[in-house]
Amino acid sequence: MTATTAVEPGTAAPSAAPPRRSRAALLTTGLAVALVLSALLAAGVGAYRIPTGDILASAGHRLGLGGHPLGRVPESVLWNVRLPRVVLALLVGASLGCAGALMQGMFGNPLAEPGVIGVSSGGAVGAVGCIVLGLDSLGSWTVTVFAFATGLLTVFAVYAMSRSGGRTEVVTLVLTGVAVNAFCGALIGVFLFTADSAAINQVTFWQLGSLSQATWGKVLGVLPFALVGLVVAPLHARKLDLLALGERPARHLGVDVERMRLVLITVVALLTAAAVAVSGIIGFVGLVVPHLLRMAAGPGHRFLLPGSALGGALVLVAGDLAARTLAQPAELPLGVLTALIGSPFFFWLLRRTRTKQGGWA
């Protein structure tokens, strides 16, 4: 009887694996298709509507695949206004989604998100300081560059302050991030206290998050950092799966936990700082998307990292479309929409995590 019992689990495991893999493949395909359809819809819908057929014809003409150019006005609207915004939403959403999945995998906690290590608040200090002090040494790129630089510096400061004896404890890292976030908030308050009305309005708009200033220049500014992060992150999927067993078992299985954590924190910093620099603070994407996908297809990072990038891109493309069409001719701040949706989900997630043991895996 004992032998029979031992055989049954061994034979059941292989048959249980394919459904999970097929579910992940199905989800990946579904997300990719939904993202393409959402991007086409976002490119065509607005104050000046452009049919999908015309979008494909114009794109085909520019790529040398046939098609035809549109009139002067629709061609300008499509390529100078709509497509830069759609592509920027795609890059920012993919960066935030992937960064959130990395943070949750590194910390072993579904409530982790990129802002925990100070990158968003650090970027906000740079942007707010730049706006209030009236700095314009880099022209229209000044706020973006300052936000990116201070976001990166804040993350590395948090990491350096949380190290002790050549190691970094997760709890110490999180608590250091909380303290640094509070300090950055105080600095922003000081800047706002000394700012005039025009600067306060500009800071408020930036902090609420928006893609209304999207240009091809900003797309090219984000692209290299997003590509590096989105390529490097999946290479650590197996190590993150091993880390889920615990730090000690992961070390016994050959994972250099400290080195991996440093690499992935750098990746998260690059992804999030680049996103925050061009879009302002957009919350909850890195929290909500990875957790939903984990619930749907399990905790395996081979699917979770690229899936979160696709899901984050889909959420932000659809959210930006809603932000600029729901209250026409006015535009809703994108960060407000993501917070309105993400906050109730975050509350539900807290309740679920508290009441169900092991619920996040």
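So here's what we get for this one:
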read-out	value
Relative contact order of the chain, defined on C-alpha pairs under 8 angstrom at six or more residues apart (%)	27
Near-label residues of the stretch 110-138 by backbone N, under 20 Å of a point 7 Å along Cα→Cβ of R163	117-119
Mean ellipticity per residue at 222 nm, deg cm²/dmol - from DSSP H runs of n ≥ 4 across the chain, formula -39500 (n - 2.57)	-25500 deg cm²/dmol
Once exposed loop trypsin sites (Lys or Arg not before Pro) are cut out (DSSP; at most 14 other Cβ, 10 Å), longest piece of the chain	50-355
Extension gain from A32 to T194, taking 0.36 nm per residue of separation minus the Cα-Cα distance	53.7 nm
Viscosity 1.002 mPa s, 20 °C: Kirkwood-radius Stokes-Einstein D of the chain over Cα pairs, µm²/s	99
For the stretch 216-280, alpha-carbon Rg and Dmax in angstrom	14.6, 47
Förster radius 30 Å - calculated FRET efficiency between F183 and T52 (Cβ-Cβ, nearest 0.05)	0.05
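The numbers here are math on the coordinates, done by the rules we state, and not lab data. Only a predicted model underlies this, so the values are computations on that prediction, with no experimental measurement involved. Methodologically, a virtual Cβ is constructed for each residue, glycine included, from the backbone with ideal geometry; neighbour enumeration extends over all protein chains shown.
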